[in-house]
Every structure is written in C-alpha cells, then in structure tokens.
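Single-structure report; data block below.
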Amino acid sequence: MIKLIVTDLDGTLLDSQKDIPPQNVFALRKAMEKGVYVSIATGRNYYSAKRYIDELGLDVPVILQNGAFIYMPLENKVLYESLLESAIAKDLINYARKFDLDYILYSYFLDEIDMYMDKEHNGGFVTYIKQNSWRIKYVDNVLRYITREKVAQVVLIGDESKIWYINDIIKQKYPEKYSVVKSTVVDGWSFIEFFGPGSSKEEAVTFLMNYFNVKSEETMFLGDGYNDLGVMKLIGFPVAVDNACDEVKKASRFVTLSNNEGGVAFAIEKFVL
C-alpha cells in the first residue's frame, strides 16, 4: 500500500507549458484525501516552485534544489540544508573559465534573486535562462559576489567530458566536501550542479520517509531525468513518465503516460486510488 508519493516537477508533474495538468492536481488531491502524504522533489528553488506548492496545497516538507534544501513552507522552517564552501565555488568558476564552459552562481536557497551570471549563455539552456530571468542578476564578475563563507550551488554548462574532468580535479582537492548532480542534457549541452555534501534527491527522499515513518516499499516516486535515477533505485515503487530518459525508464517499475498526457494522474489512479 502506497503511503507516500513524491513527484519531480519539470518533465514529470508539469507539462511542456510548465503548468500542472488538471488531472494531475485532481489525482494528487484525491490521494491526500485518502491519507497519502504527497510532496515534491525538484531542482527548482523555493520561489520557482512556490506556485506549484500552493496549487497542490502542500503542507508537508518539500525537497528543493535536488535535495540540498528541505523546507516546510507553511511554517517557514528549514529542515535541512547543505551549502557549498565558497572556496570550492570559486575553484569551479575559475576552471569553467579556463575550459570555456558556461557557469551560474546561486547565492542562497531563500534569496529571491539568487542566480549570478557574468557571461551570456547561447547554448542548450537559453529557455531555462529566459524562464528564470526574474531571479538572475548579471554582473561584471560573479567571483566578487561570493561574499559569504558558503553558497547554495554552482552550475557548469557545456561539454560533459570537460565538466567531469574538472570534477576529478575538485574531488582530489576537496574529497567528500561537495555533491555533484547531473540534471539534464539539451542539444549536447550538459547541465551539471555542484552542491554541499549530502545533497541528492535520494538522500532527501530518505529524510521524508523517516519523517513520515514510511517504508521504501510504501513510497512511490515519479520522475523523468538523470537527477531522479538515485531515487528510482532506492524506493519500492519507482514510476517513469513516457518522456523520461532511457536510464530512468529502465530503473522504473512502471512507465506511465508522458508529462503532457497527465502521466502522474494515470499512475496514481492505477496504483493508489
């Protein structure tokens, strides 16, 4: 019996227009009425995810920024956060410049304007940049804006082999002091995120299972991307939407309809309601 449902947002719960299809809202609310806990696990920050949290009426802890931040919105309470040391952030940005990669500095989880950029991105993530323009500050040099001991995260964008090469260098210098998450690939451009230690959706979902005293086999997770793979292998009922990457589909127990066809609702109606 499923007691906890956790869903990814982009590419899973949301359609291509970044809205929640009505059938998904209905199914999740029906599950909550039945006593099932419902939460989200997303790479978005709180302000970017807030409209969906409000639309679903979630009053439970939510997983943000790929598990680096777990937040209880109604109580304005931080349950877990893992920040990245500023020294690591600076090294990542300097190496990104050396290898001609694009990069974004994210200041803090609850800063409304939290993304800092000092070069224009013209690659695979132009749409992402446009959709998040309200939270971006363009500056002359992002390094000057690393003023705290720690930051939320750094993202490197571009050739994946170069990013993993940089990761190998950073790993030798700062062993076990950070987490790295491959989020997505668009038109050959990889989007790879660097957080503080202990940051992943699987660790955050484990936190939720303990919080609600729910077992792995009583948990359903719905996802589509590389950053969902760890959870897929962790919990008892992993569900992939039809538009998911092949690795996620292989790790799932069930492949539902696509995100544009209300795949979340289809799976919940089939296995939970």
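The values are calculated or read from the model by the stated rules, or taken from the named source; none is laboratory data. As the structure is a computational prediction, the values presented were derived from the model and not from experiment. For neighbour counting, all protein chains shown are included, and Cβ atoms are generated from backbone atoms with ideal geometry for every residue, glycine included.
Tabulated values for the structure
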{"read-out": "Selected residue [surrounded by fewer than 18 Cβ atoms within 10 Å (Cβ to Cβ), in the same structural domain as Thr42 (by TED's automatic domain parsing) and out of contact with any helix residue (DSSP H, G or I) (no Cβ under 9 Å at 6 or more places or on another chain)] from Asn213, Asn141", "value": "Asn213"}
{"read-out": "Search result, residues across segment 61-120 that are of a type in the set (Asp, Glu) and farther than 21 Å from Gly43 by Cβ", "value": "Glu75, Asp91, Asp100, Asp118, Glu120"}
{"read-out": "Those residues of segment 160-185 which are among the aliphatic types (A, V, I, L, M) and touching a helix residue (DSSP H, G or I) at 6+ places or on another chain (Cβ under 8 Å), in sequence order", "value": "Ile166, Ile169, Ile170, Val180, Val181, Val185"}
{"read-out": "Criterion (under 16 Å from the mean Cα position of the chain (by Cα) and in the same structural domain as Leu101 (by TED's automatic domain parsing)) met by exactly one of Val185, Val205", "value": "Val185"}
{"read-out": "Members of segment 154-180 found to be hydroxyl-bearing (Ser, Thr, Tyr), outside any strand (DSSP E or B) and within 20 Å of Phe69 (Cβ to Cβ), listed by number", "value": "Tyr178"}
{"read-out": "Breaking point among (1) buried (at least 20 other Cβ atoms within 10 Å of the Cβ); (2) over 30 Å from Phe271 (Cα atoms); (3) among the polar types (S, T, N, Q), for Ser199", "value": "(2)"}
{"read-out": "Which listed residue, of Gly67, Gly43, Gly124, is buried (at least 17 other Cβ atoms within 10 Å of the Cβ), at pLDDT below 95 and assigned by TED's automatic domain parsing to the domain that holds Val231", "value": "Gly43"}
{"read-out": "Total residues in segment 108-127, condition in contact with a Ser or Thr (Cβ under 9 Å, 6 or more places away or on another chain) and closer than 20 Å to Trp189 by Cβ", "value": "4"}
